[in-house]
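Visitor: Following this message is one structure expressed as structure tokens.
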Amino acid sequence: MNITDIDDKIIIRAAENGWKQAFPEKDLPTNTEQRVQIVMEWASRQSAEENMKRTKDLSQFWEASFLHDMASLGIKTPTVITRVSEYVDDIIIFVQGIIKNGFAYESNGSVYFDTNKFSQSSGKAYGKLLPENVGQTELLAEGEGSLVTKSTVSGNSDKQGASDFVLWKKSKHGEPFWVSPWGPGRPGWHIECSAMASSTLQRFAEGQIDIHSGGIDLRFPHHDNEIAQSEAYFNFSQWINYFLHTGHLNIEGLKMSKSLKNFVKIKDALLDHSSRQLRFLFLLHKYNVPMEYNDHSMEEAVVVDRFFNEFFQNVKVQLRLLGMKNAQKWEERDIQLHDAIVACKQNVHQALADDLNTPQAILHLQHLAKEVSRYMASSEEHNKVTLLIRSAADYVTSIFRIFGLIQSGSDIGFPLTSSSEEAAAVNEETILTPVLDIFAEFRDEIRELARSATTGDIDGKALAAKILHTCDRVRDDKLPHAGIRLEDRANTKAIWKLANKEELLEEQRRKSLEKEKKEEEKRLRMEEAIRKKKEVEEKAKIDPKEMFLAQKEKYSKFDHQGLPTHDANGEELSKGQLKKLSKEQAKQRTLYLKYQEAKTL
């Protein structure tokens, strides 16, 4: 994994942090160009050592924060981490190799890639990923960095071609620099990735790389420039065999970005949902299309997570109840389930081979889980083959391990603890203590109720009600805190399921909130019904002959029944208006008569 710890944005932010520490009582302008000019002028008056330290400290802080967030999402640590600052010598050698092969040139202390010469060379092509974007100066300028002067980007004597891009950037006073054959400077953004990847992987396949990933908006110029640099250095025609470009993350329909201030921090997202639920969200969207992050998409992920969690728990119950005592000979229903397992394996493989179509793979796994659930719920006359049930659950678990939904080492389904460290720390006493506490308290309550019955303090019906209430309280309020879900079943024994305590309590909290919401909606409906009833009752008290008389702003004349005949301007009302008002008055007369009758009763 590449860590870009040398970058114009980092240099500017480090300088800004230093300026704010130096002038805590002052504010920087909101205009970006003015702010950059002020902080970089200040940095130019500081020592190179101070500026380098500020840049390094900032990079290390955010790298540690990033790795912490990745760990909280359950993402495995990379095999290799490459930091630009640790590969500057390798980058210089890489740039020298491109110059030696004739595809780069030095100009005024900087080194540029010669895109024209590269494109004209046999077997070479610049802009392989997005050829239509070649020559777009705005995109090229963004790739060069904000500390490059506008004249350099637009094309002055430093660059031989408008599409040429910087490999080694001459550092101005106050900017971090490293010594090079071309003078003090630092690597360009594009060359960093090519050189670090090649330094790490060049002993494999002579520098060629099978898969390269990145965001879809990096295709041009960044990835196209990476390709050109590497093919120029190694002097072959194809550096990368496959690119995996991820789609944008949208927040309520808009691309998540710092400029729009619509970004969601990982630690904030994890306050409302588990890392597994977030991973389900990712899996339910194909990697190369835009993904929506909102309440609706997260609810979809939560539902899928709950579905598979329930599936695994039901499987464990069945395996526990059945054991191996049942006959294992297959009948027609068993053969059908076996065929469903085989078909699911084939379909999941095909989906993942189809450009990592994880949403389709999840659908196939859901279909298999439903087949297994129907099989387990079939009539008692049908003998259930334990090994078939386990085979299906084992397969779903194995795919979920590949997807990162389950850490390696767990048996069937999701682990009861959120991390392997927690699992290692759990001992027999830790597991049994909360359950035994609940049992002891429950036993005390039942014994107390039994004593009340023997002394005649409570009758049989009331005793039964209290016992059932105590049992329900253990099921609903006590056992979830021990990570146990107890489910009552009609006309048969209850079953228990082990679950992650935090997830169980969160599920309980959600159900409680949903219940409160429904109760609040019911209360509001009742209040509205009472209000409308009262409104009708108050309206019924009005004599129909008087109902329009108070509306002087609408009507100026009335007949002997109180029906308006002229509007506020003295104009006679039309027949249609009179008919409408007459109907309203007749309706009011009915209400009024009913009210009068009720008064006399």
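The values are calculated or read from the model by the stated rules, or taken from the named source; none is laboratory data. No experiment lies behind these values; they were computed from the predicted model shown. Please note: Cβ atoms are built from the backbone with ideal geometry, for glycine as well, and neighbour counts cover all protein chains shown.
Visitor: Please determine, by comparing only the residues of the stretch 73-106 that are among the aromatic types (Phe, Trp, Tyr) and not in a helix (DSSP H, G or I), which one is farthest from PHE280 (Cα to Cα).
Guide: So, considering only residues that are among the aromatic types (Phe, Trp, Tyr) and not in a helix (DSSP H, G or I), the one farthest from PHE280 (Cα to Cα) is TYR105.
Visitor: Among the residues of the stretch 140-158, is there at least one that is more than 22 Å from CYS193 (Cα to Cα), modelled with pLDDT of 80 or more and in the same structural domain as PRO184 (by TED's automatic domain parsing)?
Guide: Checked against the condition, which is being more than 22 Å from CYS193 (Cα to Cα), modelled with pLDDT of 80 or more and in the same structural domain as PRO184 (by TED's automatic domain parsing), the stretch 140-158 yields at least one hit.
Visitor: Also: Answer with yes or no whether LEU513 is farther than 30 Å from ASP305 by Cα and not assigned by TED's automatic domain parsing to the domain that holds GLN313.
Guide: No: the conditions fail for LEU513.
Visitor: Out of (1) more than 22 Å from GLY214 (Cβ to Cβ); (2) of a type in the set (A, V, I, L, M, F, W, C); (3) touching a residue at least 12 places away in the same chain (Cβ under 8 Å), what's the single condition that is false for PHE23?
Guide: (3)
Visitor: From the list VAL302, VAL264, which one is of a type in the set (Val, Ile, Thr) and within 23 Å of ALA369 (Cβ to Cβ)?
Guide: VAL302
Visitor: Going by the conditions given, is LYS316 touching a strand residue (DSSP E or B) at 6+ places or on another chain (Cβ under 8 Å), basic (Lys, Arg) and under 27 Å from LEU486 (Cβ atoms)?
Guide: Spelling it out, LYS316 is indeed touching a strand residue (DSSP E or B) at 6+ places or on another chain (Cβ under 8 Å), basic (Lys, Arg) and under 27 Å from LEU486 (Cβ atoms).
Visitor: Here's a follow-up. Just name the residue that is nearest to GLN318 (Cα to Cα) out of those in the stretch 359-400 that are basic (Lys, Arg) and modelled with pLDDT of 95 or more.
Guide: ARG390
Visitor: Continuing with the same structure: Please specify each residue of the stretch 13-27 satisfying the condition of being of a type in the set (A, V, I, L, M, F, W, C) and surrounded by 15 or more Cβ atoms within 10 Å (Cβ to Cβ).
Guide: ALA14, ALA15, TRP19
Visitor: Return the only residue of PHE312, PHE236, PHE243 being more than 12 Å from the chain's Cα centre (by Cα), of a type outside the set (S, T, N, Q) and surrounded by fewer than 16 Cβ atoms within 10 Å (Cβ to Cβ).
Guide: PHE236
Visitor: Follow-up. Hey, does the stretch 215-226 have a residue that's within 30 Å of MET256 (Cα to Cα), of a type in the set (Phe, Trp, Tyr) and touching a strand residue (DSSP E or B) at 6+ places or on another chain (Cβ under 9 Å)?
Guide: No: the stretch 215-226 contains no residue that is within 30 Å of MET256 (Cα to Cα), of a type in the set (Phe, Trp, Tyr) and touching a strand residue (DSSP E or B) at 6+ places or on another chain (Cβ under 9 Å).
Visitor: Looking at MET70 and the list (1) in a helix (DSSP H, G or I); (2) without any contact (Cβ under 8 Å) to a residue 12 or more places away in the chain; (3) over 30 Å from SER213 (Cβ atoms), which single condition is not satisfied?
Guide: Among (1) in a helix (DSSP H, G or I); (2) without any contact (Cβ under 8 Å) to a residue 12 or more places away in the chain; (3) over 30 Å from SER213 (Cβ atoms), MET70 violates only (3).
Visitor: If I ask for residues that are in contact with a strand residue (DSSP E or B) (Cβ under 9 Å, 6 or more places away or on another chain) and either in a strand (DSSP E or B) or aliphatic (A, V, I, L, M) (or both), which ones from the stretch 528-567 would you list?
Guide: Of everything in the stretch 528-567, those that are in contact with a strand residue (DSSP E or B) (Cβ under 9 Å, 6 or more places away or on another chain) and either in a strand (DSSP E or B) or aliphatic (A, V, I, L, M) (or both) turn out to be LEU549, TYR555, SER556, LYS557, PHE558, PRO564, THR565, HIS566, ASP567.
Visitor: Just for the stretch 354-374: of the residues that are assigned to a helix (DSSP H, G or I) and among the polar types (S, T, N, Q), which one is surrounded by the most Cβ atoms within 10 Å (Cβ to Cβ)?
Guide: Only one residue tops the list, namely THR358.
Visitor: Let me confirm something: among GLN577, GLN596, which residue is modelled with pLDDT under 90, outside any strand (DSSP E or B), more than 12 Å from PRO544 (Cα to Cα) and assigned by TED's automatic domain parsing to the domain that holds ALA550?
Guide: Residue meeting the stated conditions: GLN596.
Visitor: Restricting attention to the stretch 270-309, which residues are of a type in the set (Phe, Trp, Tyr) and more than 18 Å from the chain's Cα centre (by Cα)?
Guide: PHE307, PHE308 - these are the residues of the stretch 270-309 that are of a type in the set (Phe, Trp, Tyr) and more than 18 Å from the chain's Cα centre (by Cα).
Visitor: Return yes when LEU573 is surrounded by 12 or more Cβ atoms within 10 Å (Cβ to Cβ) and either among the basic types (Lys, Arg) or under 22 Å from TYR592 (Cα atoms) (or both) and no when it is not.
Guide: So LEU573 does not fit the description; no.
Visitor: Consider ILE467 carefully, then state whether it is more than 30 Å from GLN313 (Cβ to Cβ), surrounded by 10 or more Cβ atoms within 10 Å (Cβ to Cβ) and either among the β-branched types (Val, Ile, Thr) or in contact (Cβ under 8 Å) with a residue 40 or more places away in the chain (or both).
Guide: Considered against the rule, which asks whether it is more than 30 Å from GLN313 (Cβ to Cβ), surrounded by 10 or more Cβ atoms within 10 Å (Cβ to Cβ) and either among the β-branched types (Val, Ile, Thr) or in contact (Cβ under 8 Å) with a residue 40 or more places away in the chain (or both), ILE467 comes out as no.
Visitor: Tell me, which strands (runs of 3 or more DSSP E) lie completely within the stretch 172-285 with 3 or more residues that are at pLDDT 95 or above and under 20 Å from ILE99 (Cα atoms)?
Guide: In the stretch 172-285, the matching strands (runs of 3 or more DSSP E) lie at 185-187.
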